[in-house]
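Okay, structure first, notes after.
The values are calculated or read from the model by the stated rules, or taken from the named source; none is laboratory data. What you see is a predicted model; the values in this text were computed from it and never measured. No Cβ is skipped: glycine too gets one built from the backbone with ideal geometry, and neighbour counts run over all protein chains shown. All accessible areas refer to the heavy atoms of the entire protein, side chains included, with ligands and DNA or RNA removed. Shrake-Rupley method; radii C 1.70, N 1.55, O 1.52, S 1.80 Å.
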Amino acid sequence: MPMTQYLAEADIKSALDAFQTPGSFDHKKFFAMVGLKKKSTEDVKKVFEILDQDSSGFIEEDELKLVLKSFHANGRELSDSETKALLAAGDEDHDGKIGAEEFAKLVAQA
């Protein structure tokens, strides 16, 4: 399912453009810019399901690295340090992955 079913394409493009430079990713600003913070709990869950590419019920580190590409094919990969920072911000139980509830809390921080 395309991300544009839940978020405006123009907002996605604007947010991706803002974070094109490696090392510039800020999840709080990104989630706010794409409009995710304003979405319903159900829509946030649907976005989580898109980001959870292997349908494991978790967003693992390899999926986090591709988070911008999950919003649009033209997005870049996160750097290792950006990926680790995003994981640290969202992984409350320190199991090395982000579950749906953790993701919802991460978005709400934005």
In whole Hz and in residue order, list the ³J(HN,Hα) couplings for the range 52-58 that follow from phi through the Karplus curve 6.51 cos²θ - 1.76 cosθ + 1.60, θ = phi - 60°; x for Gly and Pro.
7, 4, 9, 6, 7, x, 9
Which distance in nm do the two modelled labels at N74 and D26 give, with both placed 7 Å along the Cα-to-Cβ direction?
2.3
For the chain, the accessible surface attributable to carbon and sulfur atoms (probe 1.4 angstrom, ligands and nucleic acids excluded) amounts in percent to 51
Pairwise over distinct Cα atoms, reciprocal of the mean inverse distance: report the Kirkwood radius of the chain in Å, one decimal place.
13.6
What does the charge count around M33 come to, taking other residues whose C-beta lies under 12 Å from its C-beta (Lys +1, Arg +1, Asp -1, Glu -1)?
+2
Taking θ = phi - 60°, what integer Hz values does the Karplus form 6.51 cos²θ - 1.76 cosθ + 1.60 yield along the range 88-97, in sequence order, with x for Gly and Pro?
4, 5, x, 8, 5, 8, 6, 9, x, 7
Write down the accessible area per residue of the chain in Å², having rolled a 1.4 Å probe over the full set of protein chains.
53
Contact order relative to length of the chain, as percent, for alpha carbon pairs under 8 angstrom and 6 or more apart:
29
